[in-house]
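Enquirer: Take a look at this one; I'll ask things after.
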Amino acid sequence: MKKEKGITLIALIMYIIMFSVTIALLAYLSSYIFGNLDNIDSNSISSEEFNKFNVNFVKDVKESRKVNIETKDEETVISFESGTNYTYKPSEKAIYKDKEKIAVNIVSFTAKQGIENNKTVIEVSIATGKDVDNPNYSKTIKYVLRYW
């Protein structure tokens with residue numbers, strides 16, 4: 001009898017099963033990794049939007065002694081004595097400095113004025129992301145107006 005070389009049917013089935021399991025595992029891991037990368041990217045964009053607002057706002061706060069905050073038609077408007085206005089438009093999920101859009105994907109924005117230690121303080125709460133119930137980034141900061 002001749003010595004026959006080759007693969008048996010059982011060995012072939014085992015190879016196909018192992019290959020299928022390996023492919024399924026790789027598919028699951030790659031979807032998990034890419035899902036997390038999207039989440040990380042979304043979070044970094046959200047904090048970046050807050051930083052854009054903050055950089056502009058701090059400059060105007062430090063130059064002003066008076067501020068007026070009002071809410072009308074669901075829009076929050078912060079007006080400084082220099083004439084600079086910050087407007088939050090919830091319909092656009094954006095914050096405008098005068099007529100220039102400076103931050104987007106803002107799902108929640110509130111501002112209130114108060115006095116602490118004889119200094120005028122503006123407390124701003126901001127949340128960014130896609131969903132108001134589950135924001136990617138939220139922060140509350142108190143800004144002190146120029147007092148000297």
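Values quoted throughout were computed directly from the atomic coordinates according to the rules given, and no laboratory measurement underlies them. In this text the structure is predicted, and so the values were computed from the model without any measurement. Every residue, glycine as well, gets a Cβ built from its backbone with ideal geometry; the counts of neighbours run over all protein chains shown.
Enquirer: Got a sec? Charge dipole of the chain, +1 on Cβ for Lys and Arg, -1 for Asp and Glu; which of V107, I122, L12 is way out at the positive end?
Expert: My answer, from the dipole projection, is L12.
Enquirer: Cα extents of the range 70-115 along the three principal axes, largest first, in whole Å?
Expert: 29, 20, 17
Enquirer: Scan (i) 0.95; (ii) 1.89; (iii) 1.43 for the value of Cα Rg over 2.2 N^0.38 Å calculated from this model and give just the label.
Expert: Matching the structure shown: (ii).
Enquirer: Suppose every Lys and Arg Cβ carries +1 and every Asp and Glu Cβ carries -1, with no other charges. What dipole size does the chain come out with about its Cα centre, to the nearest 20 debye? It would help to have the intermediate numbers written out before the result.
Expert: Values: 20 positive and 19 negative charges, 103 e Å.
So the dipole magnitude of the chain works out to roughly 500 debye.
Enquirer: Which one of Y137, V21, W148 is farthest out on the positive end of the charge dipole of the chain, using unit charges on Cβ (Lys, Arg +1; Asp, Glu -1) and the Cα centre as origin?
Expert: It is V21.
Enquirer: Take the alpha carbon atoms of the range 116-148, find their center, do the same for the range 71-85, and report the distance between the two centers in whole angstrom.
Expert: About 15 Å separates the Cα centre of the range 116-148 from the one of the range 71-85.
Enquirer: Given a Förster radius of 25 Å and the C-beta distance between K3 and I23 as r, what FRET efficiency does 1/(1 + (r/R0)^6) yield to the nearest 0.05?
Expert: Here the calculated transfer efficiency is 0.15.
Enquirer: Could I ask something else about it? Local charge sum around L145 (other residues, Cβ-Cβ under 14 Å, Lys/Arg +1, Asp/Glu -1)? All intermediate terms of the calculation are to be shown ahead of the outcome.
Expert: Numbers: positive: K59, K62, R65, K66, K112, K119, K142, R146; negative: D60, E63, E81, E116, E123.
That sum, taken over residues with Cβ under 14 Å, equals +3.
Enquirer: Let me ask something else about it. Going by alpha carbons, how many degrees (0 to 90, nearest 10) lie between the helix axis of 9-63 and the longest principal axis of the chain?
Expert: Between the helix axis and the principal axis of the chain, the angle is about 10 degrees.
Enquirer: On a straight-distance basis, which lysines could pair with K59 in a cross-link, Cα separation under 27 angstrom, same-chain partners fewer than 8 positions away excluded?
Expert: K72, K89, K93, K97, K99, K101, K112, K119, K139, K142
Enquirer: Specify the longest stretch of the chain that does not include any exposed loop site, a site being one of the GluC sites (Glu not before Pro) with a non-H, G, I, E, B DSSP assignment and at most 15 other Cβ atoms within 10 Å. Before the final figure, lay out the partial values.
Expert: Details: sites that count: E4, E74, E81, E92.
Maximal segment without exposed cleavage sites: 5-73.
Enquirer: Taking the Cβ-Cβ separation of D133 and E100 as r and a Förster radius of 41 Å, what is the calculated FRET efficiency to the nearest 0.05?
Expert: Computed FRET efficiency for D133 and E100 comes out at 0.90.
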